[in-house]
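Down below is the structure, laid out as structure tokens.
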Amino acid sequence: MTIQWFPGHMTRARRQIQDKLKLIDVVIELLDARLPVSSRNPMIDEILMDKPRMILLNKSDLADAKVTQEWIEYFKKEGITAFPVDASTGTNVKDIPAQARLLLKEKIDRQLAKGINPRAVRGLIVGIPNVGKSTLINRLAGRSIAATGDRPGVTKGQQWIKAGKDMELLDTPGILWPKFEDQNVGYRLAVTGAIKEEILNAEDIAFFGISYLMRYYWDALEERYGLQEFSRDADDSDSVIAIMEQVGRIRGCVISGGRIDLEKASRAFLRELRAGKMGRFSMEAPY
């Protein structure tokens, strides 16, 4: 399956972001802590150029904590400030304004030396669809002001939002890239819900997700669906399908003749995986 998705509003968003850069002090790049590489738009460096930047590993409460720490160390070696947050629960969100001012310390010190009282830091929040940008803004602002949703493509325009007295934020639509050269990137994004389900084959995505858990998080998968007697050979497609059928039996996805509705079972599996019902997991590691 080839995954391509580049709605027209994303083309406009890229142009709008570039137009606004001159007003921006710091860029806040939001990544999914479970897949920091796959959720990082490869066009972003070209778009943002040399603006001061921090990386927030969002949804960290759903990610494997050990792997997330490895990513923080990885970005540190690259000279980039990165730390885990969870916009939904508020984990570490209060630290963002202070981190932004720390990135701008030299500029702020120069202003103070000239007797200039620094204005509120202007931050640009960027990230792919459904990574949690609007949820983060609402958490920072302390009120529901940016549109949110559990599906990609909710934010369609741009708006400045006050986040306390020390920060102003610019929300932008999520930007995906036109084509995933590595199809595994598309599958990882699909498993975690970054791509609209209407354009996907749920069975293919669930197959990929189950295979991954069989390799790296078997115990969680086994416990959730009672797989003690099942093969854990992720390279055997029959084993993966057998587990998909077990999910269907447990979740009541049985149709006439005792057959399993694999599409319905696949969607049930994906909902549970995305909601953290199988515990914390990460789909990429830096080493």
Please determine, by comparing only the residues of region 152-183 that are in a strand (DSSP E or B) and at pLDDT 80 or above, which one is surrounded by the most Cβ atoms within 10 Å (Cβ to Cβ).
LEU169
Just checking, which of GLY186, GLY132, GLY115, GLY123 is at positive phi, surrounded by 14 or more Cβ atoms within 10 Å (Cβ to Cβ) and either modelled with pLDDT of 85 or more or in contact with a His (Cβ under 7 Å, 6 or more places away or on another chain) (or both)?
GLY132
Yes/no for LEU262 being within 29 Å of the chain's Cα centre (by Cα), open to solvent by less than 10 Å² (accessible area, probe 1.4 Å) and within 20 Å of GLY193 (Cβ to Cβ):
no
Taking the stated definitions as given, is LEU227 modelled with pLDDT of 95 or more and assigned to a loop (DSSP other than H, G, I, E, B)?
yes
Take region 238-287 and flag every residue that is assigned to a loop (DSSP other than H, G, I, E, B), without any contact (Cβ under 8 Å) to a residue 40 or more places away in the chain and not small (Gly, Ala, Ser).
ARG251, CYS253, ILE255, ARG259, ASP261
Kindly list the number of the only condition in (1) assigned to a helix (DSSP H, G or I); (2) closer than 18 Å to TYR216 by Cα that fails for ASP235.
(1)
Take the residues in region 15-37 that are in a strand (DSSP E or B) and among the β-branched types (Val, Ile, Thr), then tell me which one is farthest from the chain's Cα centre (by Cα).
VAL26
Could you please find all residues in region 92-112 being over 24 Å from ASP50 (Cα atoms), open to solvent by 50 Å² or more (accessible area, probe 1.4 Å) and not in a loop (DSSP other than H, G, I, E, B)?
LYS94
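The values are calculated or read from the model by the stated rules, or taken from the named source; none is laboratory data. Model, not experiment: these values are computed from the prediction. Neighbour counts run over all protein chains shown; Cβ positions are idealised from the backbone, glycine included. Note: areas computed on protein heavy atoms with side chains; ligands, DNA, RNA excluded. Shrake-Rupley method; radii C 1.70, N 1.55, O 1.52, S 1.80 Å.
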